[in-house]
1. Counting Lys and Arg as +1 and Asp and Glu as -1, what is the net charge of the other residues whose Cβ lies under 15 Å from the Cβ of Gly22?
2. Net charge near Leu48: determine it from the other residues with C-beta under 15 Å of the C-beta of Leu48, scoring Lys and Arg +1 and Asp and Glu -1.
3. For the chain, calculate the relative contact order in percent as a whole number, restricting contacts to Cα pairs under 8 Å that are 6 or more residues apart.
4. Per DSSP helix of 4 or more residues, -39500 (n - 2.57); summed, then divided by the residues of the chain. What does that give at 222 nm, rounded to the nearest 500?
5. Where does each of Ile16, Ile26 land when they are ranked from fewest to most other beta-carbon atoms within 10 angstrom?
6. Can you tally the lysine pairs in the chain where the Cα-Cα distance is under 18 Å and the two residues are eight or more apart, or on different chains?
7. Using Cβ contacts closer than 10 Å as the measure, can you line up Thr20, Thr95 from fewest to most?
8. Summing +1 for each Lys or Arg and -1 for each Asp or Glu, what net charge is found among the other residues whose Cβ lies under 12 Å from the Cβ of Leu31?
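Coordinate-derived values only; no laboratory data. Here the structure is a predicted model, which is why all the values come from computation and not from measurement. All Cβ positions, glycine included, derive from the backbone under ideal geometry; neighbour counts span all protein chains shown.
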Amino acid sequence: MKSISLDNVLLFHQKIVAKTGGSDGIRDVGLIESALSRGFATFGGEELYKEDELKVAAISHGLIRNHGFVDGNKRIGVAVLVFLLKLNSINISYT
């Protein structure tokens, strides 16, 4: 699965906050890095998230839940979710 780098997430966050408002800043970069690697976690040599959709969901959930940014955690989580789905040619339908 294609992923997104920490530098790109930080830039993406800056652009989102500039456009939608709020505070730009990092609370804990380690929490952001942890969220970005969560989708690739293993246990006993087995991937915890085997399907790409689950990897994307785990990364997005981690960004939202870890609160690595001062503000805009939900916005960056959803934006990264949409970006990773598109980057990996994953089509989902929802209402």
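1. Its environment carries a net charge of +3.
2. Local net charge: -2.
3. 33
4. Value at 222 nm, helices only: -18500 deg cm²/dmol.
5. So the residues, fewest neighbours to most, are Ile26, Ile16.
6. 7
7. Thr95, Thr20
8. Its environment carries a net charge of +1.
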